[in-house]
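Participant: Quick one: this structure, given as structure tokens, is what I'll be asking you about.
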Amino acid sequence: METNELKQIIFNKIKEYNNIIIVRHIRPDGDCVGATLGLKYILQESFPNKKIKVYANDYADYLEFLGSEDKDETPEAYVDALIIALDVSVSDRISNSYFKTGKEIIKIDHHIETDPYGDINWVDDTRASCCEMIVELYDTFKNELVLPLNAAQALYTGIVTDSGRFKFSSVKGDTLRYAALLIDRGVDIERISANLYLKEFNVYKLQGEMLKKAKITKNGVVYIYVTEDIQKKYNLSLNDASSMISIIESIKGSIIWLAFIDNPDKTIRVRLRSRFMTVNQIAEKYHGGGHDRASGATVYSKEEMKRLIKDADKEIKKYKESHNDWLWEY
């Protein structure tokens, strides 16, 4: 089905339903929170007589400047609802206990398609962010929709975070054009950047310690492990611990870098990043998935962690033997 036809069907469904519940993935990031709140604010302003809610089972404190999500209701609230799932590739990662009891489900996502769980699925894995798709939906029907400033700020936050501040390969001309549309609406770039990227002093002290402990494999996988003890020592939030992936992204010769983070439930969260080559196939092997060069996974033991590192090292070896773009020779 053509994209314009899909967007029209989705918009018709939005106009049809008076009860709309928006959901997103667990372990929320800027894109899923920006997309869900951004769509909520657009629909509330455009259709003031409709009930528009965002329900989730977890939350990200570092994104509270975008606004709060709603307090979840009983399963009865879902019976006549249109469920719009944003930025979730597979249904078992949806942070909502009741979403399947909704009357219809619309999936809007920019990850590689593996689980078309929606009754209507608009998936475009060429997009840098799901927020980009929500801006496109608004832009398509802007004669009938309103873009309030709080929606623009939420959507810009999602675009800037999921595009790596516009430096990832997924960034296309439309990414910048939609960002410009939001800026023209009055988005305060400086304030958003301050909320996203200013860190407590102890986080910078941690970065120094983590760089000392970073390791590199024979073929160039750089990895760090943010243990529970380190998180307690520096009084880190889970988001601060997870953000450590960024300190090892610019090491020459390393085209895969990994961060392992102890979770409160004793599992180990894995963040996988790469340039030039893909890592999503590694993530999928270890209970995860995502984008081709930015994925997440979960391991359940130190032994499984070692196997993942070994697999990543093998992938780099194969890539370097058949490509030379990683050498930075032009």
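Participant: On a full-extension model of 0.36 nm per residue, what is the gain between residue 246 and residue 80, subtracting their alpha-carbon distance, rounded to one decimal in nm?
Facilitator: Net length gain for the segment: 55.5 nm.
Participant: Okay, next question. Enumerate the calculated ³J(HN,Hα) couplings along region 127-139 in order (Karplus 6.51 cos²θ - 1.76 cosθ + 1.60, θ = phi - 60°), each rounded to whole Hz, writing x wherever the residue is Gly or Pro.
Facilitator: Per-residue couplings from phi come out as 7, 6, 7, 6, 4, 4, 6, 5, 5, 4, 4, 4, 5 Hz.
Participant: Can you list the lysines whose alpha carbon is less than 20 Å from that of residue 266, not counting same-chain residues fewer than 8 positions off?
Facilitator: 232, 233, 285, 302, 306
Participant: Spelling out what I want: for every residue of region 190-196, take phi, set θ = phi - 60°, compute 6.51 cos²θ - 1.76 cosθ + 1.60 (Karplus), and round to whole Hz; glycine and proline get x.
Facilitator: Going residue by residue, I get 5, 5, 4, 4, 4, 5, 7 Hz, with x marking Gly and Pro.
Participant: For residue 53, go through the lysines and keep the ones whose alpha-carbon is under 26 Å away, minus same-chain ones fewer than eight residues off.
Facilitator: Qualifying lysines at Cα under 26 Å: 7, 13, 15, 40, 71, 100, 103, 107, 142.
Participant: Could you report the chain's accessible area per residue, 1.4 Å probe, as an integer in Å²?
Facilitator: On a per-residue basis, the chain sits at 48 Å².
Participant: Just to be sure I understand the model, the point goes 7 Å from the Cα along the line to the Cβ. What's the resulting residue 184 to residue 113 distance in nm?
Facilitator: Result for the modelled spin labels: 3.1 nm.
Participant: So, in Å, what gap is there between the alpha-carbon centers of region 42-99 and region 245-281?
Facilitator: Cα centroid of region 42-99 versus Cα centroid of region 245-281: 29 Å apart.
Participant: Shifting gears a bit: Given charges of +1 on the Cβ of Lys and Arg and -1 on the Cβ of Asp and Glu, with all other atoms neutral, how large is the dipole of the chain about its Cα centre, in debye to the nearest 20?
Facilitator: Roughly 1260 debye, rounded to the nearest 20.
Participant: Starting from the amide H of residue 25, placed 1.01 Å from N in the peptide plane, find each other amide H under 5 Å away whose residue is 5 or more places distant or on another chain.
Facilitator: The answer is 95.
Participant: Let me ask another. Suppose R0 equals 25 Å. What FRET efficiency, 1/(1 + (r/R0)^6) with r the Cβ-Cβ distance, do residue 45 and residue 237 give to the nearest 0.05?
Facilitator: FRET efficiency, residue 45 to residue 237: 0.20.
Participant: Could you state how much accessible area residue 246 has, in square angstrom rounded to the nearest 10, with a 1.4 Å probe and all protein chains kept in place?
Facilitator: 50
Participant: If you don't mind, there's one more thing I want to ask. To the nearest 0.05, what FRET efficiency results for residue 59 and residue 324 with a Förster distance of 35 Å applied to their C-beta separation?
Facilitator: E between residue 59 and residue 324, to the nearest 0.05, is 0.20.
Participant: Can you give the % of DSSP beta bridges in region 159-277 that are antiparallel, to the nearest 5? Don't skip to the answer; put the middle values down first.
Facilitator: Details: 9 of 15 bridges.
Counting DSSP beta bridges with both partners in region 159-277, the antiparallel share is about 60 percent.
Participant: Related question: Return the carbon/sulfur percentage of the accessible area of the chain, one whole number, probe 1.4 Å, all protein chains in place.
Facilitator: 48
Participant: In what order, largest first, do 225, 156 sit by accessible area if the probe radius is 1.4 Å? If you can, show how the numbers build up before the last one.
Facilitator: Working: 225 55, 156 15 Å².
Order by accessible area, largest first: 225, 156.
Participant: Also, quick follow-up: In degrees, nearest 10, range 0 to 90: what is the angle between the Cα axis of helix 173-184 and the longest Cα principal axis of the chain?
Facilitator: With both axes taken from Cα atoms, the answer is about 60 degrees.
Participant: OK, next. Calculate the spin-label point distance for residue 198 paired with residue 142, positioning each point 7 Å from the Cα along the beta-carbon direction, and give it in nanometres.
Facilitator: Placing both labels 7 Å along Cα→Cβ, they lie 3.2 nm apart.
Participant: Whole-Hz ³J(HN,Hα) for each residue in region 69-78, computed from phi via Karplus 6.51 cos²θ - 1.76 cosθ + 1.60 with θ = phi - 60°, x for glycine and proline: what do you get?
Facilitator: 7, 9, 6, 5, 10, 6, x, 4, 5, 9
Participant: Determine the percent antiparallel among the DSSP beta bridges restricted to the chain, to the nearest 5. Kindly include the intermediate steps, with their values, before the conclusion.
Facilitator: Numbers: 18 of 41 bridges.
Expressed as a percentage, antiparallel bridges in the chain total about 45.
The values are calculated or read from the model by the stated rules, or taken from the named source; none is laboratory data. Bear in mind that the values here come from a model prediction, so they are computed numbers and not experimental data. FYI the Cβ positions are ideal-geometry reconstructions off the backbone, even for glycines, and counts take in every protein chain you see. The area values use the complete protein model at the heavy-atom level, side chains included, leaving out ligands, DNA and RNA. Shrake-Rupley method; radii C 1.70, N 1.55, O 1.52, S 1.80 Å.
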